Amino acid sequence: MKLSNKRNFCIIAHIDHGKSTLADRLIEMSGTVAKRDMQAQILDSMELEREKGITIKLAPTRLIYNYKGEEFELNLIDTPGHVDFTYEVSRSLVACEGALLLVDASQGVEAQTLANTFLALDNNLEIVPIINKIDLPSARVSEVKKEIEEVIGLDAEDCPCISAKEGLNIEDVFKAIIEKIPAPTGDENAKLKCLIFDSHYDNFKGAICLIRVFDGKIKKGDRILMMQTKKEFEVTEVGIFVPTTKECEVLKAGEVGYVAGSIKTIADVKVGDTITSASNPISEPLAGYKEVQPVVFCGIFPVDGARYGELKDALDKLKLNDASLQFLPENSSALGYGFRCGFLGLLHLEIITERLEREFNLDIITTAPSVSYNVYKTNGDVLEVSNPSNLPPTVEIAKIEEPMVNVNIFSPPDYVGTIMELCQNKRGVYKNMVYLDKRRVELKYRIPLGEIIYDFFDSLKSRTRGYASFDYEFDGFESAELVRVDILLNGEKCDALSMIVHKEKAYSRGRELAERLKKIIPRQLFEVPIQACIGNKIIARETISAMRKDVLAKCYGGDITRKRKLLEKQKEGKKRMRKIGSVEIPAEAFMSILKLDEDK
Amino acid sequence: MVSVYIHIPFCEKKCNYCAFLSFCPSNAERKRYLSALIDEIERYDGDNVAKTIYFGGGTPSLLTTEELGTIFQKLRQKFEILSGAEITIEVNPNSISEEKVKFYREMGINRVSVGVQSLNNKTLKKIGRLHSKRDVKLALKTLSKYYDNISADLILGLENEKNVCHYAKKLLKWKVKHISAYMLEVHKNTPLFEAVNRGEYRPLSADGVTKSYEKLVKFLKKYHFFQYEVSNFAINGFESKHNLNYWSYGDYVGFGISAHSFLGGVRSANSSNLKGYYGGEKNCEKIDSKMEIEERIMLGLRSQVGVSKLALKKLGYDITLSETYRKLLKEGVIREDGDRFYLNEKFYKFADYHILNLIA
């Protein structure tokens with residue numbers, strides 16, 4: 001097929017705006033998958049994704065569509081629609097010539113949509129707005145069109161207005177893809193130049209690179225070079241997605257597909273890397289490559305200490321498919337042996353912990369998330385500290401720097417006051433506020449990331465009744481007056497409950513945590529003092545009074561089963577308990593730092 | 001040998017705290033239930049030597065002499081009732097008459113358990129009981145003419161009832177030889193639960209219940225009532241043999257709606273709704289060795305039956321190797337006597353806590 005009959009595109013959408021449904025409809029209407037094999041949201045391959053209704057990443061797929069008597073090959077490349085994966089989004093965008101901007105007809109433009117749209121514009125993509133869910137009674141098509149024009153500056157006059165769910169006006173989407181998005185360019189006779197925009201691991205074929213070929217061709221037997229990692233491999237297979245993998249003879253300039261090459265570890269396949277010919281390489285790799293760094297960290301421990309080995313195997317397996325996941329062994333006096341893990345963000349953290357529990361059947365305890373601080377010691381050493389208990393004593397610290405982010409918040413104007421209050425509570429610095437139209441305001445703040453990971457998202461949602469959306473990007477490090485607050489239970493320090501907080505907030509956070517722990521920790525046979533302290537200085541104290549009784553009155557008419565079941569339930573609960581000295585505390589306590597909330 | 005339980009779900013009026021199945025039946029319903037009960041006894045083909053029989057409810061004293069007679073006739077047909085077998089009936093103070101009591105004696109019933117709960121008329125009214133302190137006095141007077149083995153139930157934790165020792169004292173004077181003192185449980189879907197939620201009824205706090213429990217334990221001890229289980233106290237020789245059988249892991253068979261059985265290592269429960277019961281629905285569960293270990297510890301430690309170390313060892317659990325066990329032994333929470341170990345009565349108020357630690 002000639003290049004002019006090919007299109008490479010992606011879909012940009014906010015969570016719930018219908019990306020997966022539209023993708024399903026496109027697949028169905030192009031006849032790529034037989035109707036009987038259709039499964040709702042076919043490209044959401046992970047069980048977790050389908051269940052949460054969010055799509056982290058869709059599998060790429062090739063659609064063949066007949067338009068005005070000609071066959072077109074349309075490659076849909078998906079972008080993960082979440083702030084945690086901004087870099088991956090940017091690489092997927094580079095692989096395309098155009099993007100469908102899918103907007104919910106009742107919700108309008110959201111922060112995340114906007115961020116990814118600007119990312120697409122930066123990459124010179126042709127953007128085709130599409131208004132979805134026009135069948136809803138709350139749809140306000142003309143207003144949303146105006147919003148797209150005013151907020152993003154795109155012409156939305158004749159954009160397709162569809163209902164992906166009902167299959168309404170889907171032909172308009174095909175028409176727009178073919179007529180508005182430019183065909184790929186590239187020279188199949190030039191030196192090989194491919195972008196790796198994604199990767200996954202296959203037990204039989206090794207690491208698989210998802211690629212966009214810009215110049216040249218690639219086929220089985222070729223020797224290839226990864227320009228960033230400088231590793232060479234021999235291609236064992238190339239192919240396309242329909243949407244399952246299908247081997248083909250060659251991939252040429254302008255095409256999208258996959259390459260396998262007996263690559264043993266996914267760490268050798270870096271998203272954003274450039275593939276070229278080992279014997280006849282290009283001189284410069286594609287621009288924009290970045291080493292992905294985790295920004296959120298937490299400790300993960302098996303509830304049952306004996307399952308440490310299983311936890312390690314599970315993390316190893318997850319890492320096969322997820323190069324951005326990092327983990328190192330860690331030992332906590334409270335929680336025993338486990339791992340300190342690094343993630344791209346809170347959603348990434350949540351996905352990994354849920355997969356550990358679901359796919360690997362592990363019972364785990366996670367500690368509250370932390371960011372990574374740059375600690376400058378008085379002796380000139382510089383440390384990166386992502387585990388609060390590793391912070392050196394105050395006297396040895398010259399200064400601490402914390403990571404900062406620029407936050408964009410979209411909200412109806414009614415909530416501006418409460419959002420500003422929230423941002424100020426989170427030590428945010430006001431940057432700007434723009435009224436986009438009557439119903440939307442954009443607020444910009446600079447906030448320490450460490451504050452964002454403490455319930456910022458939940459607070460924002462509850463303060464704005466779910467109407468606000470937000471997005472952030474990194475903006476370097478900045479020094480701050482930070483201290484570590486420790487928790488003593490019955491006089492013994494519980495390392496897993498230590499937290500790094502701003503000096504001014506130390507008292508209130510310490511007090512809140514002590515109060516919360518008092519509620520979570522069950523009464524023991526003896527009285528248990530809970531103390532929060534900075535160094536040796538006690539800043540808050542609560543007391544859990546001793547248990548008065550723990551006995552159930554009666555076995556009714558020989559109903560032993562009821563009592564045994566109750567006992568078994570308690571036994572399960574007990575497995576989730578950890579001992580600090582002689583005090584038993586439930587696993588949830590370790591996450592309770594997160595729930596500290598000015599909004600309570 | 002088995003213990004036999006007969007469930008009579010009839011009540012004149014449901015008590016406000018009761019979350020169990022009982023109802024005020026129409027004549028037709030009453031007939032239907034009793035005939036299903038008789039059929040169920042008829043169908044039974046297991047161990048037929050009865051060492052104890054217990055009529056529980058509900059309110060078994062609502063049975064007419066004729067009805068009770070029919071049930072006994074069937075029981076005697078099916079079971080060989082050991083001579084000296086303990087045969088108990090639960091009665092409400094306001095639903096007995098001298099005629100009935102005489103009849104109980106004739107039937108061979110040799111133990112009566114009276115649902116006293118409290119001796120404060122205001123309290124009794126609030127929890128929906130139909131009797132008064134006077135009814136209790138009269139009932140016990142009548143009963144004691146024919147019975148030596150009389151038990152009374154008390155509830156701990158009722159509103160304003162910080163000390164129930166004076167009730168116990170009265171009951172002792174009225175010749176009661178056994179007292180069961182249960183702590184009030186406020187269950188969902190009961191009028192009491194609603195009243196508590198509305199703030200109209202204030203049961204004692206956990207602290208308050210514990211204190212009243214401790215006072216009662218002390219008081220009864222003074223009067224030579226032996227605390228042979230968490231909630232049960234008796235003059236030597238007047239312990240409930242039927243209940244002791246539950247705690248010492250003996251077999252039992254239950255007849256009637258929602259009645260439970262434990263036969264040959266299988267626990268079963270009849271359906272707890274009438275339709276299911278009439279249709280013969282049952283839930284069965286085979287107790288494996290792991291469950292049996294838990295149950296033996298759970299039941300044995302609640303009472304002075306204790307737990308046999310050998311029995312546990314045969315099931316694959318050598319408890320003497322348990323660190324928790326050795327610690328509790330050292331602290332005096334548990335005491336050993338030959339092959340058996342017991343929870344020290346002093347620690348009954350933490351029984352569930354220690355049981356959990358021993359099996360977890």
**Prompt:** Within 10 Å of each Cβ of B:349-356, how many other protein chain Cβ atoms are there on average?
**Reply:** 6
**Message:** Quick check for you: which residues of the range B:174-188 have the amide N under 13 Å from the point 7 Å beyond the Cα of B:Arg202 toward its beta carbon?
**Reply:** none
**Fill in**
Stretched fully, the stretch from B:Arg134 through B:Lys221 gains (0.36 nm per residue minus C-alpha distance, one decimal, in nm) 28.7 nm
**Fill in**
Ordering A:Arg446, B:Arg335 by the accessible surface of their heavy atoms, 1.4 Å probe, largest first, yields B:Arg335, A:Arg446
**Prompt:** How large is Rg/Rh for the protein assembly as shown, to two decimals, with Cα atoms and a Kirkwood Rh?
**Reply:** 1.09
**Prompt:** Given a Förster radius of 30 Å and the C-beta distance between B:Leu310 and B:Glu214 as r, what FRET efficiency does 1/(1 + (r/R0)^6) yield to the nearest 0.05?
**Reply:** 0.35
**Message:** Counting other C-beta atoms within 10 Å, and keeping those with at most 14, which DSSP coil GluC sites (Glu not before Pro) do you find in the range A:166-214?
**Reply:** A:Glu166
**Item:** C-alpha center-to-center spacing [the range A:310-353, the range A:388-425] in angstrom
**Value:** 25 Å
**Request:** For the range A:200-319, with all protein chains present and a 1.4 Å probe, just round the carbon and sulfur fraction of the accessible area to a whole percent.
**Result:** 50 percent
**Prompt:** So for the range A:391-435, what percent of the C-alpha to C-alpha distances run longer than 15 Å?
**Reply:** 57 percent
**Prompt:** Which pairs in the list A:Lys549/B:Lys286; B:Lys14/B:Lys145; A:Lys193/A:Lys231 are over 27 Å apart, alpha-carbon to alpha-carbon?
**Reply:** A:Lys549/B:Lys286; B:Lys14/B:Lys145
**Item:** Label-to-label distance, nm, for residues given as A:Asp122 and A:Glu150 (7 Å Cα→Cβ offset)
**Value:** 2.6 nm
**Prompt:** Can you list the trypsin sites (Lys or Arg not before Pro) in the range B:154-251 that are in a DSSP coil and have 10 or fewer other beta carbons within 10 angstrom?
**Reply:** B:Lys188, B:Arg198
**Request:** Sort out for me the Cα centre separation of the range A:451-507 from the range A:64-110, rounded to whole Å.
**Result:** 35 Å
**Request:** Could you please state, rounded to a whole Å, how far the C-alpha centre of the range B:1-78 is from the C-alpha centre of the range B:273-304?
**Result:** 20 Å
**Asked** Working out 0.36 nm times the residue gap between A:Ser333 and A:Lys317, then minus their Cα-Cα distance, what length gain in nm do you get to one decimal?
**Response** 3.1 nm
**Request:** Could you work out the local net charge near A:Lys377, counting Lys and Arg as +1, Asp and Glu as -1, over the other residues with Cβ closer than 13 Å to its Cβ?
**Result:** -3
**Asked** Hey, got a sec? Which GluC sites (Glu not before Pro) in the range B:186-235 land in a DSSP loop and have at most 14 other Cβ atoms within 10 Å?
**Response** B:Glu200
**Complete:** One finds, for B:Met1 and B:Glu42 with R0 = 22 angstrom and r their Cβ-Cβ distance, a FRET efficiency to the nearest 0.05 of 0.60
**Request:** Return the FRET efficiency for the residue pair B:Lys327, B:Lys102: r is the Cβ-Cβ distance, R0 is 56 Å, and the value is rounded to the nearest 0.05.
**Result:** 0.50
**Complete:** Simple SL model, points at 7 angstrom along Cα→Cβ for B:Glu80 and A:Glu247; separation in nm is 8.0 nm
**Request:** Could you check what % of the DSSP bridge pairs in chain B are antiparallel, to the nearest 5?
**Result:** 45 percent
**Request:** Specify the residue with the greatest mean-square fluctuation among B:Ala36, B:Ala234, B:Ala152, computed from a Gaussian network of chain B linking alpha-carbon atoms under 10 Å apart.
**Result:** B:Ala36
**Message:** For chain A, what does the relative contact order come out to in percent, with C-alpha contacts under 8 Å and a separation of six or more?
**Reply:** 9 percent
**Request:** Give the long-range amide H neighbours of B:Phe226: residues separated by 5 or more places, or on another chain, with amide H under 5 Å away, using H modelled in the peptide plane at 1.01 Å from N.
**Result:** B:Ala234, B:Ile235, B:Asn236
**Complete:** Two pseudo-spin positions, 7 Å from Cα along C-beta at A:Asn203 and at B:Tyr278, lie apart in nanometres by 5.5 nm
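The values are calculated or read from the model by the stated rules, or taken from the named source; none is laboratory data. Predicted, not measured: the structure shown is a model, and the values here were computed from it. For neighbour counting, all protein chains shown are included, and Cβ atoms are generated from backbone atoms with ideal geometry for every residue, glycine included. Surface accessibility is based on the protein's heavy atoms, side chains included, excluding ligands, DNA and RNA. Shrake-Rupley method; radii C 1.70, N 1.55, O 1.52, S 1.80 Å.
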